[in-house]
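Input: a single structure, listed below in structure tokens.
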Amino acid sequence: MSGTSADGVDAALCRITGHGTASKIEQLGFVFQPFSGEIRREILRLASGNSACAADFCKMNFLLGELYVQAVEALCAETGIRAEQIDLIGSHGQTFWHIPLPETYLGHSFRSTFQLGEGSVLAQRFGCLVVSRPWCGRSGTWRRTDWAHHWYPTASS
């Protein structure tokens, strides 16, 4: 995950056994992959609340997915775990905006939060279940997985 400090990606390898309140979690490894200054500045610019283009958020979404892949690959190298041994990846993503208290918008009141970091990029690379924001299954959502494959649909598709 990458947090609101926008300093980089934290990745942990854990073994989970049991279920429910009897679950046990053992941390087997951890890596931190710092963002470059350029990426950090862009994250902070997009998260500033100032005017930004939707295309920039779209590009950042997939860039973060790629950076999360690199962090998991570094974690595998650090721990000696092979990618095919991974059963599940959880990715909170990078928070860009958080509204913790209800606000009214267009006549509706709600709390809201907005994270980026395309989970289907992780699912495509590692072939395992990825739980992210928004939730992605074994291969992500259909359309987003296609984008993770670098397949760009035409207007007729």
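Please find, within segment 91-123, the residue that is farthest from PHE32 (Cα to Cα) out of those that are loosely packed, with under 14 Cβ neighbours inside 10 Å and among the small types (Gly, Ala, Ser). Residue satisfying both the conditions and the ranking: GLY107.
Looking at ARG41, ARG45 in this structure, which one is closer than 20 Å to HIS98 by Cα, assigned to a helix (DSSP H, G or I) and in contact with an Asp or Glu (Cβ under 9 Å, 6 or more places away or on another chain)?
Unique residue meeting the criteria: ARG45.
If the condition is being modelled with pLDDT under 85 and aliphatic (A, V, I, L, M), then segment 102-121 contributes no residue at all.
Specify which of the listed residues (LEU67, LEU63) is closer than 27 Å to ILE99 by Cα, assigned to a helix (DSSP H, G or I) and in contact with a strand residue (DSSP E or B) (Cβ under 7 Å, 6 or more places away or on another chain). On inspection, the qualifying residue turns out to be LEU67.
In segment 17-36, the residues that are closer than 26 Å to ALA74 by Cβ reach residues that are assigned to a strand (DSSP E or B) and of a type in the set (Asp, Glu) with C-beta atoms within less than 6 angstrom, at least six apart or across chains, in these pairs: PHE32/ASP10. Considering the conditions (1) of a type outside the set (Phe, Trp, Tyr); (2) more than 16 Å from GLY117 (Cβ to Cβ); (3) touching a helix residue (DSSP H, G or I) at 6+ places or on another chain (Cβ under 7 Å), GLU66 is excluded by exactly one of them, (2).
When restricted to residues that are buried (at least 17 other Cβ atoms within 10 Å of the Cβ), over 15 Å from the mean Cα position of the chain (by Cα) and not hydrophobic (A, V, I, L, M, F, W, C), segment 1-60 contains 1.
The residue pairs whose first member lies in segment 90-108 and is touching a residue at least 24 places away in the same chain (Cβ under 8 Å), whose second member is assigned to a loop (DSSP other than H, G, I, E, B) and charged (D, E, K, R), and whose beta carbons are closer than 8 Å, counting only pairs six or more residues apart or on different chains, are SER91/ARG133; HIS92/ARG133; GLY93/ARG133.
Residues in segment 124-157 that are at positive phi and modelled with pLDDT under 50 were compared, and the one that is surrounded by the fewest Cβ atoms within 10 Å (Cβ to Cβ) is HIS150.
The values are calculated or read from the model by the stated rules, or taken from the named source; none is laboratory data. Here the structure is a predicted model, which means the values were calculated and not measured. In this analysis, Cβ positions are derived from the backbone assuming ideal geometry, glycine residues included, and neighbour counts consider all displayed protein chains.
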